[in-house]
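Participant: Dumping the structure here so I can ask a few things about it.
The values are calculated or read from the model by the stated rules, or taken from the named source; none is laboratory data. All figures in this text were calculated on a predicted structure; none of them were measured in a lab. Neighbour counts run over all protein chains shown; Cβ positions are idealised from the backbone, glycine included. Accessible surface areas use protein heavy atoms only, side chains included; no ligands, DNA or RNA. Shrake-Rupley method; radii C 1.70, N 1.55, O 1.52, S 1.80 Å.
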Amino acid sequence: MFRFILVSALIACVAATAEDAYATGSQFLDIQPDGQYQYRYDTSNGITGQESGYAGYSVSGSNAYYSPEGQLIQTTYVADENGYQPQGAHLPTPPPIPDYILRSLEYIRTHPQYDEPQQQQQQFSRPAASRGQKRIFG
């Protein structure tokens, strides 16, 4: 009986992974001589993506897939001189800045620091031993 359950579980695992391993899909790619491009792909297991841009300068796109829990995960993004900027409901967001920090930042902004005058460098004279007196060692 144990062997039957083990074999059944192995067959179920192979069947489940076989469906994802052989996902079919479609794709589109267009590259222009001036560096502009766009591409798009779709697979039978629900993965999609698209991107367009001007190579080396700016890019925008999106992708989507289903999580193991069955939830649709969608991400849109822009990558340009300001860096990579993804957006999606699944991405973490920072907590709000506490009010006391905002007040202290405003205080710092409205009260510039006092600039202390630069101290003059002191000129040190060389010791007497280096002004012509003979050294005893080294």
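Participant: Going by the structure shown, is Tyr41 among the aromatic types (Phe, Trp, Tyr) and surrounded by 13 or more Cβ atoms within 10 Å (Cβ to Cβ)?
Facilitator: yes
Participant: Among all residue pairs at least 6 apart or on different chains, which show Cβ distances below 9 Å where the first residue, located in segment 78-106, is free of Cβ contacts under 8 Å to residues at least 40 places away in the same chain and the second is assigned to a helix (DSSP H, G or I)?
Facilitator: That search, which allows pairs on different chains as well, returns Ile97/Leu105.
Participant: Could I ask something else about it? Inspect segment 64-87 for any residue being outside any strand (DSSP E or B), surrounded by 12 or more Cβ atoms within 10 Å (Cβ to Cβ) and within 21 Å of the chain's Cα centre (by Cα) and give the result as yes or no.
Facilitator: no
Participant: Report, ordered by the first and then the second residue, all pairs with beta carbons closer than 6 Å, sequence separation of six or more or different chains, a first member in segment 52-73 that is under 16 Å from Gln32 (Cα atoms), and a second member that is open to solvent by 50 Å² or more (accessible area, probe 1.4 Å) and in a strand (DSSP E or B).
Facilitator: Close Cβ pairs satisfying both conditions: Ser52/Gln38; Tyr54/Gln36.
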